[in-house]
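Here's the structure we're looking at; comments come further down.
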Amino acid sequence: MPTTTEKRVPKRGRPREFDREAALCAAMELFWSKGYTATSIAELCAAMGINSPSLYAAFGGKEALYEAALEQYEETHGPLVWGGFSEAPTAHGAIEDWLLRSADVLTRSGKPLGCMVTLASPGDEGHAGLKALIVEKRAHVLQRVRERIERAMAEGELPRNVDPLPIARFYVGVQQAMSIQARDGATREDLRATARLAMKAWQSLTEASR
């Protein structure tokens, strides 16, 4: 028992562990919603529940955090959009599934609207390294769609004299436009209608590209 002259020393609880993934998801949604330049370090710290020194210690700075947020976006949202792409038996089916899933994901309740990668513009704000990263990620989407069309040519779904690149560019352009329209208020039903209409052009596009 302590004497009356002794002071009780309050016990310290264990410090709360830093939840890196939760913090990264919070940063991702803020960047996704506002863009790179418009998002301040103070806003990031508030959203992530950490102070500025902790942010720099954990992620290395704003630019590195943005890169990590892009990777987190692709890991968490990519499968929602691409989930049926590789397994679809035809290129037509793969691209249609991708566009319809995009309509769902781009308009999800409780999340920023549109696609973080499509809507990103750090290169226009003076960040050349981030611009190169965004361009690379967009190019990867185009390449993935192109390769699925090339597979369709090899498997006999499409003639071998089809030029796959213009077709891929068309459908990637549709998906990118859907992202912008989602940000401007287009609904899931609006975008799914756009996707279905774009697929009606499949035969004309494949014939015109020969």
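The values are calculated or read from the model by the stated rules, or taken from the named source; none is laboratory data. All figures in this text were calculated on a predicted structure; none of them were measured in a lab. Using ideal geometry, Cβ is built from the backbone for each residue, glycine included, and neighbour counts are taken over all protein chains shown. Surface areas here come from the heavy atoms of the whole protein model, side chains and all, with no ligands, DNA or RNA. Shrake-Rupley method; radii C 1.70, N 1.55, O 1.52, S 1.80 Å.
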Report summary line: When the chain is treated as a Gaussian network with springs between alpha carbons less than 10 Å apart, the largest mean-square fluctuation among R183, R196, R146 is found at R196
Requested in this report: For the chain, calculate the relative contact order in percent as a whole number, restricting contacts to Cα pairs under 8 Å that are 6 or more residues apart.
Outcome: 20 percent
Query raised in the report: Rounded to the nearest 0.05, what FRET efficiency is calculated for A128 and I41 with R0 set to 22 Å and r the Cβ-Cβ distance?
Result: 0.60
**Report entry** Charge dipole of the chain about the Cα centre (unit charges at C-beta), most positive-ward option of M116, A42, Q181
**Finding:** A42
Query raised in the report: For the modelled label position 7 Å from the Cα of A208 along Cα-to-Cβ, which residues of the range 94-136 have backbone nitrogen atoms closer than 20 Å?
Result: 95-96, 99
Requested in this report: Could you work out the Rg to Rh ratio of the range 69-124, with Rh taken as the Kirkwood radius (inverse of the mean 1/r over all Cα pairs)?
Outcome: 1.02
Report task. State, to one decimal in nm, how far the label point of Q143 lies from the label point of E63, with both points 7 Å from Cα in the Cβ direction. Result -> 2.3 nm
Query - Between helix 20-34 and the chain: long-axis angle, C-alpha atoms, 0 to 90°, nearest 10 - result: 60 degrees
Query raised in the report: Against the longest principal axis of the chain, how steep is helix 164-183, in degrees 0 to 90 to the nearest 10, with axes from Cα atoms?
Result: 40 degrees
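So, for the chain, what is the accessible surface per residue at a probe of 1.4 Å, expressed in square angstrom?
Details: 11770 Å² over 210 residues.
Each residue of the chain exposes 56 Å² on average to a 1.4 Å probe.
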Requested in this report: Could you list the residues of the range 91-134 with an amide nitrogen less than 20 Å from a label point located 7 Å from the Cα of E21 in the Cα-to-C-beta direction?
Outcome: 111-112
**Report entry** Radius of gyration, Dmax [the range 135-210; alpha carbons; angstrom]
**Finding:** 13.5, 40
Report task. Can you pull the one-decimal nm distance between simple spin-label points at E136 and T76, each 7 Å off the Cα toward Cβ? Result -> 2.2 nm
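Could you give the length gained by full extension between A201 and Y56, i.e. 0.36 nm per residue of separation minus their alpha carbon distance, to one decimal place?
Working: separation 145, 0.36 × 145 = 52.20 nm, distance 4.91 nm.
Extra length from A201 to Y56 when fully extended: 47.3 nm.
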Report task. Would you mind telling me which residue in H77, H92, H127 has the biggest mean-square fluctuation in a Gaussian network model of the chain, where springs connect alpha carbons within a distance under 10 angstrom? Result -> H127
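At R0 = 25 Å, how high is the FRET efficiency between S109 and R169 if r is their beta carbon distance? Nearest 0.05 is fine.
Details: r = 31 Å, r/R0 = 1.24.
E between S109 and R169, to the nearest 0.05, is 0.20.
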